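Engineer: One structure, as structure tokens, below. Some questions next.
Taken together, the values in this text are just the output of simple stated rules run on the coordinates, not laboratory data. Keep in mind it's a predicted model, so treat the numbers as computed, not measured. When we count neighbours, we look across all protein chains shown, and the Cβ atoms used for this are built from the backbone with ideal geometry, even at glycine.
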2 protein chains.
Amino acid sequence: MAPGRGDLIPDELIADVFDRACHSREILEHVTARWGVLALAALSEQPFRFNALRRKIDGVSEKMLAQTLQALERDGFVHREARPTIPPHVEYTLTPMGRELAGRLVALIEHVESLVPEVEQARTRYDRG
Amino acid sequence: MAPGRGDLIPDELIADVFDRACHSREILEHVTARWGVLALAALSEQPFRFNALRRKIDGVSEKMLAQTLQALERDGFVHREARPTIPPHVEYTLTPMGRELAGRLVALIEHVESLVPEVEQARTRYDRG
DNA sequence: CTGTATCCTCTCTGATACTG
DNA sequence: CAGTATCAGAGAGGATACAG
């Protein structure tokens, strides 16, 4: 995170919104990352197996999907249920914490989405001026 | 955004959450970016001049702050008021749209922040298993 | 089927130095 | 004061091949 902070400054001195944001930065990066957002949104609809999720999230590579799911599982937002069959059968679901977060995230995205026309106008103005 | 989409597929066919998220992806990246979050949070407290903001957001480089502010200004979230004096006096404020968005963003960050302990436990469990 | 491992490219980021 | 220009390192992301 912030170079030279967090590691060096005692917790008692860390108090304002910037340092708090710094603490949650890594989590926020996982959930707002390109594929993190889409994985959470997909799983908030229904559970998915790996390749089904990969087809649902069009354009994601195996590597990035695996990486994304591992990060979200490690953070406790996604639950991975592997049945030791042959061939392997793995199902991904959201944990309660993951569902709560995904809901808020989707709400933010929908708000941003509603802003798209206004943002496009602003960009046009900016690029002209 | 998603390679091979957006540019190639007519708008009428783009409808689900993934494509919508794709549309707002660039905006979301600006506002959830490391320095984007902090700039919006700082400006939601009060207006700032460039170097004051740089001191407030400890650890940001001139280059990244300039880049961040330009992106947010172009998107219409930040207003830049330059008084043509010598030396230059430039003040950054949030637009109404920026204030609304910053509020929601801060709410999300605070929720994520409240999850930090639970996430840390989840990580410990994951790393042990 | 569900991933890992490897390689390679490209962007993001920060330090440094310079301009109006 | 408020930036821009340039450079180099680190990491994100993707294509491909392979493993259990």
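Engineer: Within the range B:99-113, does at least one residue satisfy the condition of being surrounded by 14 or more Cβ atoms within 10 Å (Cβ to Cβ) and farther than 30 Å from A:Glu73 by Cα?
Structural biologist: Within the range B:99-113, one or more residues are surrounded by 14 or more Cβ atoms within 10 Å (Cβ to Cβ) and farther than 30 Å from A:Glu73 by Cα.
Engineer: Just a yes or no: is a residue in the range A:113-125 aliphatic (A, V, I, L, M) and within 16 Å of DNA strand D (Cβ to nearest atom)? Steps first, answer last, please.
Structural biologist: Applying the first criterion (aliphatic (A, V, I, L, M)) to the range A:113-125 yields A:115-116, A:119, A:122.
With within 16 Å of DNA strand D (Cβ to nearest atom) added as a condition, the list becomes none.
No - not one qualifying residue is present in the range A:113-125.
Engineer: In this structure, is A:Ala33 touching a residue at least 60 places away in the same chain (Cβ under 8 Å) and within 11 Å of the chain's Cα centre (by Cα)?
Structural biologist: Here the answer is no, as A:Ala33 does not meet what is asked.
Engineer: Can you tell me which condition B:Leu40 does not meet? The list is (1) surrounded by 15 or more Cβ atoms within 10 Å (Cβ to Cβ); (2) within 14 Å of DNA strand C (Cβ to nearest atom), and all the others hold.
Structural biologist: Every condition holds for B:Leu40 apart from (2).
Engineer: So which residues in the range B:60-72 are over 11 Å from B:Val31 (Cα atoms) and either in contact (Cβ under 8 Å) with a residue 12 or more places away in the chain or in a helix (DSSP H, G or I) (or both), if there are any at all? Give the steps one after another, and end with the answer.
Structural biologist: Our first condition is that a residue be over 11 Å from B:Val31 (Cα atoms); within the range B:60-72, this holds for B:60-67, B:70.
Result: B:Val60, B:Glu62, B:Lys63, B:Met64, B:Leu65, B:Ala66, B:Gln67, B:Gln70.
Engineer: Could you check the range A:99-117 and list, in sequence order, the residues that are more than 20 Å from A:Leu69 (Cβ to Cβ) and either touching a residue at least 60 places away in the same chain (Cβ under 8 Å) or more than 7 Å from chain B (Cβ to nearest Cβ) (or both)?
Structural biologist: A:Ala107, A:Glu110, A:Ser114, A:Pro117
Engineer: Quick one: is A:Val106 under 22 Å from B:Glu29 (Cβ atoms) and not in a helix (DSSP H, G or I)?
Structural biologist: no
Each row is one residue, and each column tells you yes or no for (1) within 10 Å of chain A (Cβ to nearest Cβ); (2) surrounded by fewer than 19 Cβ atoms within 10 Å (Cβ to Cβ); (3) at negative phi.
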position: B:Ser24; (1), (2), (3): yes, no, yes
position: B:Leu28; (1), (2), (3): yes, no, yes
position: B:Arg34; (1), (2), (3): yes, no, yes
position: B:Ser44; (1), (2), (3): yes, yes, yes
position: B:Ala52; (1), (2), (3): no, yes, yes
position: B:Ile57; (1), (2), (3): yes, no, yes
position: B:Ala66; (1), (2), (3): no, yes, yes
